[in-house]
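Everything on this sheet refers to the single structure shown next.
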Amino acid sequence: MHRHKTRHIILFSLTLLLALGSIGVYSYFFSQVRSKNESASLMNQDVEIALSRQDQIQELKKTLARTEIERQSIDSHFVENDNPTIFLESLEYLGKQSGTMFTLSSVLEVKEKDKPSRLEAGFKASGSFAQIYKLILLIENMPYEVEFKNVSLNAGISQTESLWEINGIINLISFINTN
């Protein structure tokens, strides 16, 4: 009987030991699976964020492509300090278009403290009153922001017709200093 009892105790102990070992193995694998699931979830979030960023980049590229013409149009209304010749050639062209004798007398980049840079272009033009008036209208309607400064208009009479002369300075406000 004693043997029989010892046998039961050994069998019970082995069963208990096996059960505890199984619980330990189960707990170990359960924690490993949970750890792997958490890392997989984090990787999945990282992938979703990366895909979302790629989608945003693609959308921005499409928007840039769609707005290229509008951006070029807006950029054309500004003159950079390293290339003011476009503006100056436009002024000379308007002089020819108005029929006046137009000359640029000075070109100067003005930099004042706490103010944006601007370009000042001194000019002289002569012609009939209608031609001078047309020149002023053409300059005012340029695709740049300009203002007239120190303008003087003088009337003179030649032998054949009345000749008007205008002297002044045009401030180019839409001037970008790229330095």
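Every number here is computed from the coordinates shown, using simple stated rules; none is lab data. This one's a predicted model, so the numbers in the text were calculated from it and none came from an experiment. As a convention, Cβ positions derive from the backbone with ideal geometry for all residues, glycine included, and neighbour counts pool all protein chains shown.
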*Between region 105-121 and region 1-64, what is the C-alpha centre distance in whole Å?*
71
_I need the phi-derived Karplus couplings for region 116-121: 6.51 cos²θ - 1.76 cosθ + 1.60, θ = phi - 60°, integer Hz, Gly and Pro marked x._
x, 5, 8, 10, 10, 10
*Taking H placed 1.01 Å from N in the peptide plane, check which residues at least 5 places from VAL107 or on another chain put their amide H under 5 Å from its amide H.*
GLY122
_Two-site FRET efficiency, ALA155 against LYS113, from Cβ-Cβ distance with R₀ of 45 Å, rounded to 0.05_ = 0.70
*asked:* Which of ASP46, ASP114 has the fewest other C-beta atoms within 10 Å, and how do the rest follow up to the most?
replied: ASP114, ASP46
*How big is D, in µm² s⁻¹, for region 1-73 by Stokes-Einstein at 10 °C and 1.306 mPa s if Rh is the Kirkwood radius over C-alpha pairs?*
88
*Could you list LEU42, LEU172, LEU163 in order of exposure, starting from the residue whose Cβ has the fewest other Cβ atoms within 10 Å?*
LEU42, LEU163, LEU172
*Could you list which residues have their amide H under 5 Å from that of VAL146, counting only those 5 or more apart in sequence or on another chain, with H placed in the peptide plane?*
ILE173
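Once the Cβ-Cβ distance between SER41 and LEU16 is put in as r, and R0 is 41 Å, what FRET efficiency do you end up with, to the nearest 0.05?
Values: r = 37 Å, r/R0 = 0.90.
According to the calculation, E is roughly 0.65.
Over the chain, what relative contact order in percent results from Cα pairs under 8 Å that are six or more residues apart?
On the way: 201 pairs, mean separation 34.0, N = 179.
Taking the mean separation of contacting Cα pairs over the length of the chain, I get 19 percent.
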*Unit charges at the beta carbon, dipole of the chain: most positive-side option, SER52, ILE132, GLY122*: SER52
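Would you order GLU68, GLU109 from fewest to most other beta-carbon atoms within 10 Å of each residue's own beta-carbon? List each step's numbers first, then the result.
Details: GLU68 10, GLU109 14.
With the fewest neighbours first, GLU68, GLU109 line up as GLU68, GLU109.
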*By a straight-distance test (C-alpha under 16 Å), which lysines pair with LYS96 as possible cross-link partners, with residues fewer than eight away in the same chain excluded?*
LYS124, LYS134
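Taking a 27 Å limit on the Cα-Cα distance, which of the listed pairs LYS113/LYS149; LYS61/LYS111; LYS115/LYS149; LYS111/LYS149 fall beyond it? Intermediate values should be presented prior to the final figure.
Values: LYS113/LYS149 20 Å; LYS61/LYS111 36 Å; LYS115/LYS149 17 Å; LYS111/LYS149 16 Å.
Beyond 27 Å: LYS61/LYS111.
Do the sum for the chain: with -39,500 (n - 2.57) for every DSSP H run of n ≥ 4, divided by all residues, what is the mean residue ellipticity at 222 nm, to the nearest 500 deg cm²/dmol?
About -19500 deg cm²/dmol.
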*Within the chain: Cβ-based charge dipole about Cα centre, in debye rounded to nearest 20 (Lys, Arg +1; Asp, Glu -1)*: 1940
_Taking just the alpha-carbon atoms of the chain, what radius of gyration and Dmax come out, in angstrom?_
41.9, 152
